[in-house]
Amino acid sequence: PADHIIQVVSENFEGTSSATSTTEVSTFLTKSITSSQTNSKFLVMVTSMTGADDRSPRIILRRTISSSIHNIVNDSSQDGITMLSDARLSSVRHGTNFHLSYVDSPTVSSGTSINYLIVLRGAESGTVYLGQSGFTNPSDSDIKCLSSMTIMELAA
């Protein structure tokens, strides 16, 4: 029946990534799935933490099929991002839980490999983090987290 779960792929990650300025950085959060049926939907769920010191981490969910890359973003957003974490107070270090769930509907045939990737960037100069808080000074004890990515194929 439609929308029932066909398969699940999942992985836990202990990594961290950082980005400086508005340069996009491919992160450690990446997972592939091979479609079992034609025109399935894919539920992508990601859990991690973002952090910064008076900066705003921007998150982009990126899908790659063969050599075709598609950023899953809010097209009406001036930033073209999937989601953001904001703490724009002077000298405020923060760590924010990051949870993303997205149902993707690419038009693919059975046996197609699809890769999902989290891309990180900032809104301006300064460093932003994924997988850890903005507490990066030795006296602050870096706060890092276990991250995960789960992809479920749903029947069309």
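So here's what we get for this one:
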read-out	value
Residue check for residue 73: without any contact (Cβ under 8 Å) to a residue 24 or more places away in the chain and closer than 20 Å to residue 19 by Cα	yes
Hits in the range 1-20 - residues which are surrounded by fewer than 11 Cβ atoms within 10 Å (Cβ to Cβ) and either closer than 29 Å to residue 122 by Cα or touching a Pro at 6+ places or on another chain (Cβ under 9 Å) (or both)	12, 14
Any hit, the range 44-62, residues being modelled with pLDDT of 90 or more and open to solvent by 60 Å² or more (accessible area, probe 1.4 Å)	no
Filtered residue count, the range 23-62, keeping only those that are in a strand (DSSP E or B) and closer than 30 Å to residue 125 by Cβ	19
Positions within the range 1-22 being assigned to a strand (DSSP E or B) and more than 17 Å from residue 82 (Cα to Cα), in sequence order	5, 6, 7, 8, 9, 10, 11, 12, 13, 17, 18, 20
Residue 127 being modelled with pLDDT of 80 or more, of a type in the set (S, T, N, Q) and within 12 Å of residue 55 (Cβ to Cβ)	yes
Candidate set: the range 21-43, residues that are open to solvent by 70 Å² or more (accessible area, probe 1.4 Å) and under 14 Å from residue 61 (Cβ atoms); chosen: the one modelled with the lowest pLDDT	24
Residues within the range 63-75 that are open to solvent by 30 Å² or more (accessible area, probe 1.4 Å) and either aromatic (Phe, Trp, Tyr) or not in a loop (DSSP other than H, G, I, E, B) (or both), tallied	7
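The values are calculated or read from the model by the stated rules, or taken from the named source; none is laboratory data. Predicted, not measured: the structure shown is a model, and the values here were computed from it. Here Cβ is always computed from backbone atoms with ideal geometry, including for glycine, and neighbour counts include all displayed protein chains. The area values use the complete protein model at the heavy-atom level, side chains included, leaving out ligands, DNA and RNA. Shrake-Rupley method; radii C 1.70, N 1.55, O 1.52, S 1.80 Å.
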